[in-house]
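The values are calculated or read from the model by the stated rules, or taken from the named source; none is laboratory data. Computed from a predicted structure; not experimentally measured. We place every Cβ from the backbone using ideal geometry, glycine too, and count neighbours over all the protein chains shown.
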Amino acid sequence: MRERLLPSTCLDSRKDIACEVGVIPQTDGASCATPSITLKKSPSIIEVTHIMDRGSKAWMVEGRKVGWQPPTPVGVPSIEELLDRRVFKQTTLVPIQKRDFAHVRAYVRSHRLNPAKIPLLKREPRYEQEVLAVVAGGYQHLGIEKILRIRTAFPDMLVKLKGKRDPVHLELEVYASSFLAHGHVKQLDRKGQFSEKLDGVFGRRPVALVCWIRDAAVKKLRREGRIERVFELRSLLQTGATIKW
């Protein structure tokens, strides 16, 4: 058995986790017809073990810390969005070049957020319900005067914004692209408004998208999703800006 050090990086395409490739023990002349893969995750290491035919031989990829590390996990867009190229969806590990990893690291550096600035959770939200918890926990600092309603159906919230007379709807997502993926455009009229009866009175109200990560272009959301206003919650908390209409 020999060892070699690869100067490259892999991304776990299922979890969007980046890791440096460390030492790979490799068996000379080994072949693997039908390998099974076991993925173990921890905050600092990813181990991928390929079990060879009949379990006689194996090799392992071990991810190790290299250079600067974020003190807390930082949410990122999909691998395709980060690398700006197509990636085969079923690939467990995606090889990338040194410049790609430098780009990923630069993104993480520029988008990391002090957990103390995240209301209620004190960490980045991972699910839509957690985005809701962040907004509800810090609504007064986000330009929301009053929360009028929260529900599981679309749209998630009805709020009264500071400086705006009429209530507006807020749809919450972790990723902006999820608004399109969930088919919410079908629930809006051509002007991007949502029609419903509230307190016995029928009316149309505008809808804004509040996402944790804006991974889709605003032009695309306006064109395909009929959404005129998109707010990245992470940026609002980072800069102290508010939701304004």
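Entry remark, the range 193-225: residues being surrounded by fewer than 19 Cβ atoms within 10 Å (Cβ to Cβ), not aliphatic (A, V, I, L, M) and not in a strand (DSSP E or B) number 7 in total.
When Glu228 is tested against (1) outside any loop (DSSP other than H, G, I, E, B); (2) touching a strand residue (DSSP E or B) at 6+ places or on another chain (Cβ under 8 Å), only condition (1) is not met. For beta carbons closer than 6 Å, sequence separation of 6+ or different chains, a first residue in the range 232-245 that is at pLDDT 95 or above and a second that is part of a loop (DSSP other than H, G, I, E, B) and of a type in the set (Gly, Ala, Ser), the qualifying pairs are Thr242/Gly143; Ile243/Gly143.
Screening the candidates Leu158, Leu170, Leu221 for the property of being over 20 Å from the mean Cα position of the chain (by Cα) and in contact (Cβ under 8 Å) with a residue 24 or more places away in the chain yields one hit, Leu158. Annotation: Ala133 fulfils all but one of (1) in the same structural domain as Asp199 (by TED's automatic domain parsing); (2) farther than 16 Å from Trp212 by Cα; the unmet one is (2). Look at Gly200 and say whether it is in contact (Cβ under 8 Å) with a residue 24 or more places away in the chain and at positive phi. It is false that Gly200 is in contact (Cβ under 8 Å) with a residue 24 or more places away in the chain and at positive phi. When we screen Arg105, Arg123, Arg109 for residues that are surrounded by 12 or more Cβ atoms within 10 Å (Cβ to Cβ), at pLDDT 65 or above, assigned to a helix (DSSP H, G or I) and among the basic types (Lys, Arg), the only hit is Arg105.
Any residue at all in the range 169-188 that's assigned to a strand (DSSP E or B) and out of contact with any strand residue (DSSP E or B) (no Cβ under 9 Å at 6 or more places or on another chain)? No: the range 169-188 contains no residue that is assigned to a strand (DSSP E or B) and out of contact with any strand residue (DSSP E or B) (no Cβ under 9 Å at 6 or more places or on another chain).
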